[in-house]
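This report refers to the structure that appears directly beneath it.
The values are calculated or read from the model by the stated rules, or taken from the named source; none is laboratory data. Bear in mind that the values here come from a model prediction, so they are computed numbers and not experimental data. Using ideal geometry, Cβ is built from the backbone for each residue, glycine included, and neighbour counts are taken over all protein chains shown. For the accessible areas, the whole protein counts, side chains as well, though only heavy atoms, and no ligand, DNA or RNA atoms are used. Shrake-Rupley method; radii C 1.70, N 1.55, O 1.52, S 1.80 Å.
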Amino acid sequence: MLHNTGKLAGCTVFITGASRGIGKAIALKAARDGANVVVAAKTADPHPKLPGTIYTAAAEIEAAGGKALPCIVDVRDEKQINEAVEQAVEKFGGIDILVNNASAINLTGTLETPMKKVDLMLGINLRGTYLTSKLCIPHLLKSKNPHILNLSPPLNLNPIWFKNHTAYTIAKYGMSMCVLGMAEEFKGSIAVNALWPKTAIQTAAMDMLGGSGIGKQCRKVEIMADAAYAILKKPTSFTGQFVIDEDILKTEGIKEFDVYAVEPGWLCSINISCITSTFHPIWFFLLIDSLSSGATPAFKSGKADSAATGPISDMFNIIRGILSPDIVKTTQGVYRFDLSGEHAGVWYIDLKNDAGSAGSGDPPVKADVVMALDSADFIKMFGGKLKPTMAFMSGKLKIKGDMGLAIKLEKMMAMMKSKL
């Protein structure tokens, strides 16, 4: 993990949504330097399902070596933000850093999204970020090394990031557009950047929405805290950047990322550096509904499965039938499937070598990705009857290795739908 250097000692950090999760992790990282932290969040009383309040977070910050100011703040309420800013300036003498972490999410389509939810997401993500920044900027301009850091994704206008939840994407991209505009507007005066995770991040909110089994396939909040720290200690010339946590930590000399894994060895490394929420990894497999099946079936190859009969063998016969040079060229991954249940066994798909192959047993070379699931779920998933999203979220599907390749495999899954 990234060591503290003391560069944030004495700095005042205003963090929205800091009572738990990534916001609190960033607060604690700054506190270890001796920073002053304004915990600006709504939770004053214990939540029935989510741990932490602004007061428990403040106590942890003080215990870590920082000074804390808990403030009840709904970022949609200009008066509450203004009062928190005034209290921070009065107590600590100014504001040096603003972290816009507060966010709301609702991953539903246009017809399924109530306007109340649309207003909530726009109010917190877009308007709340803009408003909090606007009220903090006059004080940031007086700081020696001021920063604004938004927890938002790189801007990507590919329609696949919009089609399933247009309202959420608009709201979340609003935070990123604040980075784009304010970085240019205040260039030379305030550094304005965005930070987004490469993988799913485990938080209490994610466990509540995705189930407890999802956590072990994620990274800890500390990776985002370390990445934020790496950004905030940079000079104001580092601005207008859309940073991915793992990328910036590599520039800081971090080479071993298993330390950030909730369960080392099952580290989720699928790239979510577009629009997914940091605590909602359900986006990982939504691409299955968006990827086209542009490859043309060519030739069959792989092990003969004379000893293997049944629905899994039938499924792999179809898989071998759609292998093509195009799929191999664009995928470049070897997959192993450890199946349990009625049709237990080991199977593989090699989309890296020669013309590609698929069959029973271990792959001819070391697998890049290992997927473990029940054989019945495998059949449903490749047959288009079980969304990988739900399999992953429910813990039915476990993935080990380079999970960035999992997205590429979905192209084959999409092609399977037309073959069954």
Right, Trp283: among the aromatic types (Phe, Trp, Tyr), surrounded by 14 or more Cβ atoms within 10 Å (Cβ to Cβ) and modelled with pLDDT under 85 or not? yes
Give segment 56-80 a look and list any residue that's more than 14 Å from Ala27 (Cβ to Cβ), over 28 Å from the mean Cα position of the chain (by Cα) and free of Cβ contacts under 8 Å to residues at least 40 places away in the same chain, or say none. Lys79, Gln80
Do we have Ile170 as modelled with pLDDT of 95 or more and either in a helix (DSSP H, G or I) or among the acidic types (Asp, Glu) (or both) here? yes
Sort out which residues of segment 166-194 are in contact with a His (Cβ under 8 Å, 6 or more places away or on another chain) and under 12 Å from Ser133 (Cβ atoms), and write them in order of number. Ile190, Val192
Just name the residue that is nearest to Ala227 (Cα to Cα) out of those in segment 93-123 that are open to solvent by 20 Å² or more (accessible area, probe 1.4 Å) and more than 24 Å from the chain's Cα centre (by Cα). Asp96
Condition first: touching an Asp or Glu at 6+ places or on another chain (Cβ under 8 Å), under 22 Å from Lys234 (Cβ atoms), open to solvent by 40 Å² or more (accessible area, probe 1.4 Å) and not basic (Lys, Arg). Can you find one or more residues in segment 177-190 that meet it? no
Mind listing whichever residues of segment 124-161 are of a type in the set (A, V, I, L, M) and either open to solvent by 50 Å² or more (accessible area, probe 1.4 Å) or under 25 Å from Asp247 (Cβ atoms) (or both)? Leu126, Leu141, Ile148, Leu149, Leu151, Leu155, Leu157, Ile160
Out of the residues in segment 140-165 meeting the condition of being modelled with pLDDT under 95 and not in a loop (DSSP other than H, G, I, E, B), tell me which one is nearest to Asp119 (Cα to Cα). Trp161
Give the residue that is modelled with the lowest pLDDT, with candidates limited to residues of segment 232-268 that are crowded, with 20+ Cβ neighbours inside 10 Å and among the hydroxyl-bearing types (Ser, Thr, Tyr). Tyr260
